[in-house]
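See structure below.
What follows draws every value from the coordinates through simple rules; no lab data is involved. Computed from a prediction, not measured in an experiment: that's the story for all the values here. Every residue, glycine as well, gets a Cβ built from its backbone with ideal geometry; the counts of neighbours run over all protein chains shown.
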């Protein structure tokens, strides 16, 4: 994949939806398992619901106005008046190292600048560990702003923030 084809996730594209839900669920330990109805609700509420290629990678992000109530999203909402929160970025195993996650983030940065959002938040698992994601986000200029134990999920996360201003 030389030029990265990034586009909106089309809720009417049933074949792509099935592939994207499968991609998500293959990485449920890092994100969360979703039934198709839950997937559709996330896509509908998203500030950005984007994919690279047919289903090589995906990004879902929410802004401060989202009808979304995830625990990590709420952490950012309680601390930021205007922000975008990346709920999940997933790259399929066959496509890792091709720059898809970076391309999805660059696409999101452009969208944020156009809508005058300058604060971008996300969380990365530290237990179970996800050192690849930690290193990736550090290279993009994210900094740690907090931590949380999500005992009901058996996870510990680090909250990261990037200021685009």
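Simple spin-label model, 7 Å along Cα-to-Cβ: residue 163 to residue 111 in nm?
2.4 nm
For segment 85-158, what mean projected area does the convex hull of the alpha carbons give, in nm²?
Quarter of the Cα hull surface area: 5.5 nm².
Residues of segment 83-105 with the amide nitrogen closer than 15 Å to a label point 7 Å from the Cα of residue 22, along Cα-to-Cβ, please.
Only 92-95 pass the distance filter.
With only alpha-carbon atoms in the gyration tensor, what are the semi-axes of the equivalent ellipsoid for segment 53-119, in Å, largest first?
24, 14, 9
Only counting other Cβ atoms within 10 Å, I'd like 105, 85 sorted with the fewest neighbours first.
In increasing order of surrounding Cβ atoms, one gets 105, 85.
Quickly estimate the mean residue ellipticity at 222 nm for the chain, helices only: each DSSP H run with n ≥ 4 gives -39500 (n - 2.57), and the total goes over all residues, rounded to 500.
Taking each H run of at least 4 residues, the total per residue is -10000 deg cm²/dmol.
Only residues of segment 91-127 count here: report those whose backbone N is under 13 Å from the spot 7 Å along Cα→Cβ of residue 10, or say none.
It comes to no residues whatsoever.
To check you understand DSSP bridge types, tell me what percent of the beta bridges within the chain (both residues inside) are antiparallel, rounded to 5.
Close to 95 percent.
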